[in-house]
Structure formats: structure tokens, C-alpha cells
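Asker: Structure incoming, see below.
The values are calculated or read from the model by the stated rules, or taken from the named source; none is laboratory data. Just so it is clear, the structure is predicted and the values come from calculations on it, not from any experiment. Methodologically, a virtual Cβ is constructed for each residue, glycine included, from the backbone with ideal geometry; neighbour enumeration extends over all protein chains shown. When the accessible area is computed, the model is the full protein with side chains, heavy atoms only, and any ligands, DNA or RNA have been set aside. Shrake-Rupley method; radii C 1.70, N 1.55, O 1.52, S 1.80 Å.
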Amino acid sequence: MRLINRKPGRPLALFLMLVPFVAVIVAYMVGSDMRLSVNPADKLLPAPSTIADTAARLFTEGDRRTGRVLLWYDTAVSLRRLGIGVGIAALSGLVFGLLIGLLPHVRAGLAGFVAVLSMVPPLAILPILFIVFGLGETSKIVLIVIGITPFLIRDLSQRVIDIPREQIVKAETLGASSLVIALRVALPQIMPRLIQAVRLSLGPAWLFLIAAEAIASDLGLGYRIFLVRRYLAMDVILTYVLWITLLAFLIDLVLRWLSRRLYPWAGAGL
Amino acid sequence: MLKSVILTAGVAAATALSALPAIAQEKTEFRVAWSIYVGWMPWGYLEDSGIMDKWAEKYGIDVEIVQINDYIESINQYTAGAFDGVSATNMDTLSIPAGGGVDTTALIVGDYSNGNDAVILKGEGGLADLAGKPVHLVELSVSHYLLARGLDSVGLSEADLDGVINTSDADMIAAYATDDVQAVVTWNPLVSSILEEPGANKVYDSADIPGEIIDIMWVNTEVLAANPDFGKALTGAWYEVMGLMAAGDEAALTAMAEASGTDLAGYKAQLESTEMFYDPADAVAFTSSDALKETMVNVAAFLFDKGILGEGAPSPDFVGVAYPDGSITGDPANVKLRYDTTYMQMAADGAL
């Protein structure tokens, strides 16, 4: 039997899925143990028990000065920035994707511009963003929007162009206007694509969020990580990293569930 | 199968973590990290000019001086064990390596900031006018310490401000140009750039607290104890360059100026707000003074107040600091930071 046709059974598949996780955890524990045996106060790789204690403290105990549980405040602030940023990006991606995909005049005018725009590294033009949008919430949200919108527009406009020409022609023969074709033919077909594209751009969105928070902020997940880095509090950093990973995973899970629930016809590829 | 996976992972971990904390043993190869700052530019010149190699050869060892672009990262790397020495301030060394259990010794006390760190207000006013305003700075850095000392001197505290906003030093100048920013605390060369802007008003600087922000070459205590030649080579090379700088050697100063991204005039201006210890005897006298003890107690109190000494720290006295006269501030059972004038004294005596 060829290798490409051999499939693992359910128990083996589960086992294989767990192996890399176990390997990483074991590697961490071995490394942490080695360093701690040399220097019990080592901060670089704290013992898993230390991380658990720190996590318990961060999730439940308030700050000494203000009494607020900072982790929840950080999370709320960061998720709000991420939500608004990704929301604006998704909406403009959808609108411009439809326009560029359907209207040849708009395509002629904007497709090239968007393609070039998507190559601009957003982090390199940060000082300009600061001057234009200030140092507050706006510049952080704008960084996320600028970072992922060009990708969304390019992806969605291509999806619209990929819609079989026959469907458009058929709708035309039934008397549909451009607006009706956009709303009834193209829009439903690219909605699941939009969700998929948003899922793919969540990684970069987190990256831009954390970068923005690292530069000028007084609250947020990225802010906290860069702040405690100043005294190498890896137990705090690792707790935040695990928490961000979990949040990102859950957001991804929800989007996938939403996509399957709303657009079951779009297939298993989502 | 699981066993072999664990074994492989273990081996991988062991290889990945070859940068284990330095263990005391005799060796001949040493690595020292430094980052760009007016008082540390000689380290780059030492390496490039071959003076370091000359001194290392004299003692039969090999010293590599590595420039790290990110100051905090260089300290973190040292703390993790990737380097035998690092250039850092007294405050950051107390919080990161010493607070992290890495026993660290001050080998060369190079200079203290005498105006290089400053509180800058946009527009007219004084330090007391900061009340109710947001202040942009690199949180938990010496800037933060300077602000705390300044506010203390006019009877204010951080609670009287409209918060401090952590702002990356790399973006400080761009940040200052925005309307949101009313006050910043930062260091040179950023201070001189910002003061060129119209309306920038310096209300407090490190010349008001002379000798409290100290720039030092730190080395791992155990490595130094096992390898005195390492300390001798570094100290010897350093004071050779100090001699050149004190004599106003244009070639050396120009090389340092260019490496720090400015010109000779700009570098000299920065040196003016830096109290360099060109003469090792001055460094020895400064390190032996009682004022240093008071400074370290102040710094420890600041770090504890901000929670920087870590959760395991029950009080500001958590980390012990030893001084040349044998006295100790903080916990005598947990001495992790040592001021030692042995090698600087050797340089002063011409015994290197």
C-alpha cells in the first residue's frame, strides 16, 4: 500500500496529534529544570508550577495600587482594539472586494493601487500614523486596519472575479441589475470566503495589535508583555502568551463554527 | 515510542539551551555585551581598534565584545547566561540579573548621567506643572526613576499625574511631535533632538540627582573569581581608551561619534552631560563613597514600589548589595550585586 493511502486509526490519530504538544512541554520542563538546578532564582524558564501560581494570581488578584485585576482589563482593551480593527478591515475588504471584482472601471482604477499598497510594511510608517492619528486608540486600530485590509481586498476581489461568468450571465438574462447581481449573486458566495480570509488575517492582526501596544500604551496585552520584559518576568510573559494563544484559538473556532453554520454549502474546505 | 519522543525532546532542549547560566570554571574565551549609549561607545571602539585584542592577548585569553541593538535585550541575554559581562545602569542590573539570582559584580564604573536623562515639558512651566498631565516615557526605566525622584522633590507623586504612558524609546521623537503628548522623560541622544523643537522646555534632569544613574560594566561574579585575567584585560583595555578620550584623541572620538550616529561636535555635547571617570582613581573614589549606598537604597525602594523586584520579593531589602568597604545594604543572606574596586584600583596603580 502506498504511503499516501495509509491512514491512522482514531486512537493513533489522537496520539499523533498529542505528540508534538507533549514534546514541547517535556522539552520546556527539561530545560527549565536544568536552569533552575544551576540557579534557583532563574527567571528565563520558570518552572510550570511557578507559571501556574503566577497565572492564578494574574487572573484573580488585583493590582497593588489600583486593585483592578489587570489581566482582564488588558484583555478587554486589546479585544476591543482587535475587534474594531478587524471589523473595519473586513467591512472595507468586503465593499472594495465586491466593487473591484464586479465593476471593470473600479478594477482599472484601484486593483493596481491596492496591490502596491499591500506591499507597504505598515510598521515602517508608524511615525506618520502617530502624527496623523495621534498616540491614542485611533492609531492602534488604524495600524491593524492598514495591516490587513489590502490582503482582504485582494483576496475577496479575486474571489468575486472567480465566480463563474455563466452565473452572472444567467442573472443578467433574468433581468438583474448590477446592484442585484452584487447583492444576490456575488455577496452570498463571498461571505464564507470573507470569514475564511478574516481567519487567515487574524494572525497578522494580533501581531499589529501587540506591536502598536508595545509602542505607546498604558493598558493592553501587548503593553503588559513589553513592560514586564523590562525585568525579565517570563512567568508573566508566558502566562500572557498562553492566554493570547487560547483567545486566538477560540476566536478562530467561533469563526469556523459561524461559517459552517451559516454557509454549510461552502464545503469542508473552510 | 513515547519514551523515545521524550528522550529526543530532552536532547533537543539540552542543545537549545546550551546557553546555560555561566558556571564558575577557568576558561579562555569570554563574551561581553554592550549597547549604544554615550558612555558605552568606548566598548565599540575597543573592539574595532584592536585595543581589546591587544590586552586579551597579553593575558592569553580571547574577549569578544558584541553590540546588541536593544539595551534591555542585552541585559536579558547576560542574565540568561549568553554573556559573561554587560554594560548597564545600576538600576537595571539590580532588577534584572541581581533580582534574577545572577551574582553580578561591578568591574568598571564608567560614568554617571549628569544631564543625559531629562524631563521635558511642552511649553512653559516647571516640574510642578506636570500635575494632571499624562507623561510619556519608557516605563520602569531610569527615566521612570528620574521622574519619581523629580516629583518627590516638589512634593508630588505619580498619582498626581494623569498617568504614565509607556512609549518606546525608538518612537519617542515621533511621539513628541504629536498633539497628545505634553511631557516626556527620556535620555540622550533623544533629549538633545527633542530640545531642538520649538517650545520644548527641560524642567528636570539627571544633573539634579548627580551620581544616581550610574553606567557600569558588569561581569558575572563567579566567572570573574575563576578568571581574574578576564577582569584585568577588560579593565586595562578600557582605561587605555579612557586615556585617549581624556587627551581628546580626535580619531578615537570621531569613531565613537560616528558609531553612535552623530558627529564629533554632537558626541562632545553628549559627553558634557556625562560625568566620565577617565581616571580610574576617580572611579574608585566614587565607588567607595557612602553616597553610593544611599543611591542603591533609593533605587531598591523605587524598584520594590513598582513591583519590579518580582513577586518573591517581600521587601525592598530582598537583594543584598555589597560595597568595597565590606558593608552590605539589603539582605546579607542574598547578596547578588557587588561593587568591587579591585580592578579599577589595579588600573589606578598601573598594575595591569
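Asker: State all residues of the range B:136-175 that are open to solvent by 10 Å² or more (accessible area, probe 1.4 Å), part of a helix (DSSP H, G or I) and within 13 Å of chain A (Cβ to nearest Cβ); if no residue qualifies, say none.
Answerer: Result: B:Val142, B:Glu158, B:Ala159, B:Asp169, B:Ala170, B:Asp171, B:Ile173, B:Ala174.
Asker: Ok, one more. Test B:Asn201 against the criterion of being modelled with pLDDT of 90 or more, over 27 Å from A:Ile225 (Cβ atoms) and surrounded by fewer than 18 Cβ atoms within 10 Å (Cβ to Cβ), and give yes or no.
Answerer: Values: modelled with pLDDT of 90 or more: yes; over 27 Å from A:Ile225 (Cβ atoms): yes; surrounded by fewer than 18 Cβ atoms within 10 Å (Cβ to Cβ): yes.
It is true that B:Asn201 is modelled with pLDDT of 90 or more, over 27 Å from A:Ile225 (Cβ atoms) and surrounded by fewer than 18 Cβ atoms within 10 Å (Cβ to Cβ).
Asker: So B:Gly236 ticks every box in (1) open to solvent by 10 Å² or more (accessible area, probe 1.4 Å); (2) in contact (Cβ under 8 Å) with a residue 40 or more places away in the chain; (3) away from every other protein chain (no Cβ under 14 Å) but one. Which box is left unticked?
Answerer: Failed condition: (1).
Asker: Within the range A:38-52, restricting attention to residues that are hydrophobic (A, V, I, L, M, F, W, C) and open to solvent by less than 60 Å² (accessible area, probe 1.4 Å), which residue is nearest to A:Thr239 (Cα to Cα)? Before you say what the answer is, go through the steps one by one.
Answerer: Here is the first cut: in the range A:38-52, the residues hydrophobic (A, V, I, L, M, F, W, C) are A:38, A:41, A:44-45, A:47, A:51-52.
Within this subset, residues satisfying the condition of being open to solvent by less than 60 Å² (accessible area, probe 1.4 Å) are A:41, A:44-45, A:47, A:51-52.
Working: A:Ala41: 18, A:Leu44: 13, A:Leu45: 12, A:Ala47: 12, A:Ile51: 7, A:Ala52: 8 Å.
Among those that are hydrophobic (A, V, I, L, M, F, W, C) and open to solvent by less than 60 Å² (accessible area, probe 1.4 Å), it is A:Ile51.
Asker: Another question, if that's okay. Would you mind finding the one in A:Phe96, A:Phe133 that is of a type in the set (Phe, Trp, Tyr), open to solvent by 50 Å² or more (accessible area, probe 1.4 Å) and more than 30 Å from B:His136 (Cα to Cα)?
Answerer: Values: A:Phe133 fails: more than 30 Å from B:His136 (Cα to Cα).
Going through A:Phe96, A:Phe133 in turn, the sole match is A:Phe96.
Asker: Residue by residue through the range B:45-64, note down the ones that are under 29 Å from B:Leu264 (Cα atoms), open to solvent by 10 Å² or more (accessible area, probe 1.4 Å) and either in contact (Cβ under 8 Å) with a residue 24 or more places away in the chain or not assigned by TED's automatic domain parsing to the domain that holds B:Trp218 (or both).
Answerer: Hits for the range B:45-64 are B:Tyr45, B:Asp48, B:Ser49, B:Ile51, B:Lys54, B:Trp55, B:Glu64.
Asker: Restricting to helices (runs of 4 or more DSSP H) lying wholly in the range A:119-174: which have 2 or more residues that are away from every other protein chain (no Cβ under 14 Å) and within 21 Å of the chain's Cα centre (by Cα)? So that I can check it myself, show each step before the final result.
Answerer: Numbers: elements: A:126-133, A:137-162, A:165-173.
Hits in the range A:119-174: A:137-162.
Asker: All but one of (1) out of contact with any Gly (no Cβ under 6 Å at 6 or more places or on another chain); (2) within 14 Å of chain A (Cβ to nearest Cβ); (3) not aromatic (Phe, Trp, Tyr) hold for B:Asn227; which doesn't?
Answerer: (2)
Asker: Another question, if that's okay. Determine whether B:Tyr78 is more than 16 Å from the chain's Cα centre (by Cα) and outside the structural domain of B:Trp187 (by TED's automatic domain parsing).
Answerer: Details: more than 16 Å from the chain's Cα centre (by Cα): no; outside the structural domain of B:Trp187 (by TED's automatic domain parsing): yes.
So B:Tyr78 fails the test.
Asker: Does A:Asp252 satisfy the criteria of being closer than 23 Å to A:Phe133 by Cα and open to solvent by 30 Å² or more (accessible area, probe 1.4 Å)?
Answerer: Values: closer than 23 Å to A:Phe133 by Cα: no; open to solvent by 30 Å² or more (accessible area, probe 1.4 Å): yes.
Against the criterion (closer than 23 Å to A:Phe133 by Cα and open to solvent by 30 Å² or more (accessible area, probe 1.4 Å)), A:Asp252 does not qualify.
Asker: Using the structure shown, decide if B:Pro189 is at pLDDT below 90 and closer than 17 Å to B:Glu124 by Cα.
Answerer: Numbers: at pLDDT below 90: yes; closer than 17 Å to B:Glu124 by Cα: no.
The answer is no for B:Pro189.
Asker: Spot the failing condition for A:Gly220; the list is (1) closer than 30 Å to B:Ile72 by Cα; (2) without any contact (Cβ under 8 Å) to a residue 60 or more places away in the chain, and only one is missed.
Answerer: (2)
Asker: Here are some conditions: (1) out of contact with any helix residue (DSSP H, G or I) (no Cβ under 9 Å at 6 or more places or on another chain); (2) part of a helix (DSSP H, G or I); (3) not acidic (Asp, Glu). A:Ile88 meets all but one. Which one does it not meet?
Answerer: (1)
Asker: Let me ask something additional. Would you check which residues across the range B:2-41 are crowded, with 19+ Cβ neighbours inside 10 Å, more than 30 Å from A:Met17 (Cβ to Cβ) and either hydrophobic (A, V, I, L, M, F, W, C) or modelled with pLDDT of 95 or more (or both) and list them?
Answerer: If the condition is that a residue be crowded, with 19+ Cβ neighbours inside 10 Å, more than 30 Å from A:Met17 (Cβ to Cβ) and either hydrophobic (A, V, I, L, M, F, W, C) or modelled with pLDDT of 95 or more (or both), then B:Ala22, B:Phe30, B:Val32, B:Ala33, B:Trp34, B:Val38, B:Trp40, B:Met41 are the ones that fit.
Asker: Restricting to the range A:53-81, name every residue that is in a helix (DSSP H, G or I), within 13 Å of chain B (Cβ to nearest Cβ) and exposed (fewer than 13 other Cβ atoms within 10 Å of the Cβ).
Answerer: A:Ala56
Asker: Mind listing just one residue for me: the one in the range A:199-214 that is within 8 Å of the chain's Cα centre (by Cα) and open to solvent by less than 10 Å² (accessible area, probe 1.4 Å) and, of those, farthest from B:Asp171 (Cα to Cα)?
Answerer: Residue satisfying both the conditions and the ranking: A:Ser201.
Asker: As an exercise: evaluate A:Arg35 against (1) at the interface with chain B (Cβ under 8 Å from one of its Cβ atoms); (2) assigned to a helix (DSSP H, G or I); (3) over 17 Å from A:Leu238 (Cβ atoms); (4) out of contact with any helix residue (DSSP H, G or I) (no Cβ under 8 Å at 6 or more places or on another chain) and give the number of the one condition it does not meet.
Answerer: The one condition A:Arg35 does not meet is (3).
Asker: Within the range B:148-177, how many residues are polar (S, T, N, Q) and either closer than 17 Å to B:Ala301 by Cα or not assigned by TED's automatic domain parsing to the domain that holds B:Asp129 (or both)?
Answerer: Total meeting the criteria: 2.
Asker: List pairs: first in the range A:73-93 and touching a residue at least 12 places away in the same chain (Cβ under 8 Å), second open to solvent by 20 Å² or more (accessible area, probe 1.4 Å) and outside any helix (DSSP H, G or I), Cβ under 7 Å, 6+ apart or cross-chain?
Answerer: A:Tyr73/A:Leu219; A:Asp74/A:Leu219; A:Val77/A:Leu219
Asker: Can you find a residue that is within 11 Å of another protein chain (Cβ to nearest Cβ), open to solvent by less than 10 Å² (accessible area, probe 1.4 Å) and part of a helix (DSSP H, G or I) anywhere in the range B:177-194?
Answerer: No - not one qualifying residue is present in the range B:177-194.
Asker: Name the residue, out of B:Ser157, B:Ser153, that is without any contact (Cβ under 8 Å) to a residue 60 or more places away in the chain and within 27 Å of B:Asp179 (Cβ to Cβ). So that I can check it myself, show each step before the final result.
Answerer: Numbers: B:Ser153 fails: within 27 Å of B:Asp179 (Cβ to Cβ).
Exactly one of B:Ser157, B:Ser153 is without any contact (Cβ under 8 Å) to a residue 60 or more places away in the chain and within 27 Å of B:Asp179 (Cβ to Cβ), namely B:Ser157.
Asker: Quick check: anything in the range B:211-233 outside any strand (DSSP E or B), under 30 Å from A:Arg224 (Cβ atoms) and of a type in the set (Gly, Ala, Ser)?
Answerer: Within the range B:211-233, not a single residue is outside any strand (DSSP E or B), under 30 Å from A:Arg224 (Cβ atoms) and of a type in the set (Gly, Ala, Ser).
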